[in-house]
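For reference, the structure discussed in these notes is given below.
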Amino acid sequence: MLIASMVVGDDEGHADYFRADKAWLYIVILTVGYMISRGFAKSGSRDPYDD
């Protein structure tokens, strides 16, 4: 996603539609969503990890 925000630029007078601040916002949203989904997956497992 960061590479995409770097590649999409404001060449030839066009506006920059995918700025770095928007890319970082999307990365934070995806990270939080991933952490929440992993928490739900871990809370649903019944097998303890203790041996």
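The values are calculated or read from the model by the stated rules, or taken from the named source; none is laboratory data. For clarity, every value in this text was computed on a predicted model and none was experimentally measured. Neighbour counts are summed over all protein chains in view; Cβ atoms, including those assigned to glycine, are modelled from backbone coordinates with ideal geometry. Calculation scope for accessible area: heavy atoms of the full protein, side chains included, ligands and nucleic acids excluded. Shrake-Rupley method; radii C 1.70, N 1.55, O 1.52, S 1.80 Å.
Points worth noting:
- The ALA4 and SER37 beta-carbon pair, evaluated with R₀ = 35 Å, returns a calculated FRET efficiency of approximately 0.95.
- Counting only protein chain heavy atoms and rolling a 1.4 Å probe, the accessible areas of TYR17, TYR34 rank, largest first, as TYR17, TYR34.
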